[in-house]
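Everything on this sheet refers to the single structure shown next.
What follows is calculated from the coordinates using simple rules that are stated; it is not laboratory data. Everything numeric here is computed off the predicted structure, so don't read it as measured data. When we count neighbours, we look across all protein chains shown, and the Cβ atoms used for this are built from the backbone with ideal geometry, even at glycine.
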Protein chains: 2
Amino acid sequence: MRAKVYVTLKPSVLDPQGKAIQHSVEQLGYGGIEDIRQGKYFEIELDESVKEEDARATAERMAREVLSNPVIEDFRVEVER
Amino acid sequence: MRAKVYVTLKPSVLDPQGKAIQHSVEQLGYGGIEDIRQGKYFEIELDESVKEEDARATAERMAREVLSNPVIEDFRVEVER
């Protein structure tokens, strides 16, 4: 069973890294870009014996306690077989 | 229109950062974890006037040319209104 965790900066938090990427791609000639924000992505492979609801609970707890900084970041969890 | 780009290390490439995270969460008492891999995640906000197929093409080109290293990384693009 695999859990995917997406961690993004909260919308109110400035993202200088994303702005730098946006500036670079615009210099390279890409148009029509209003904003780029960078986040983190984790793939967590869990034991096959773990039940889906437990996998989700574990992944959410891990995302909240370890993988994200709740002061400035939001996270989203997906679980798949 | 928003494009989401997920960049992950190819399965054959070692991920020491992911291994460090795995080791840390195991020390914190999380069980049943077989593997953790870390990737990157980009949210690209495109001009409303851009058509969906053009948005996808732009995001894929950007992912291939700028956001990922095709030697060691794979990417996946999602486009949503």
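Taking only Cα atoms of the protein assembly as shown, what ratio of Rg to Rh do you get with Rh as the Kirkwood inverse-distance radius?
Working: Rg = 16.6 Å, Rh = 16.7 Å.
Over the Cα atoms of the protein assembly as shown, Rg/Rh equals 1.00.
7 Å from Cα along Cα→Cβ at both A:Glu26 and B:Arg76: what's the point-to-point distance in nm?
3.1
Using a 10 Å cut-off around each Cβ of peptide B:9-21, what is the average number of partner chain Cβ atoms that fall inside? If you can, show how the numbers build up before the last one.
On the way: counts 1, 0, 0, 0, 0, 0, 1, 0, 0, 3, 0, 0, 5.
For this peptide, the per-residue mean of nearby foreign Cβ atoms is 1.
How big is the gap, in Å, between the Cα center of the stretch B:63-81 and the Cα center of the stretch A:33-58?
Distance between centres, Cα-based: 18 Å.
So, in nm, how far is label B:Arg64 from label B:Glu45 when the simple model puts each one 7 Å beyond its Cα toward the Cβ?
Label at B:Arg64, label at B:Glu45, 2.8 nm between them.
Pairs of Cα atoms under 8 Å, at least six residues apart: use those to get the relative contact order of chain B, whole percent.
53
So what J values fall out for the stretch B:66-81 if you push phi through Karplus, 6.51 cos²θ - 1.76 cosθ + 1.60 with θ = phi - 60°, rounded to Hz, Gly and Pro as x?
Each residue of the stretch B:66-81 in turn: 10, 7, 10, 9, x, 5, 10, 10, 10, 9, 9, 10, 10, 10, 9, 6 Hz.
Taking a cut-off of 19 Å, what percent of all Cα-Cα pairs in the stretch A:2-80 are separated by more than that? Provide the component values of the computation, followed by the final result.
Numbers: 1483 of 3081 pairs.
When all Cα pairs of the stretch A:2-80 are counted, 48 percent exceed 19 Å.
Determine which chain B residue has its Cβ at minimum distance from the rotation axis mapping B onto A, giving the value in whole Å.
B:Tyr41, 2
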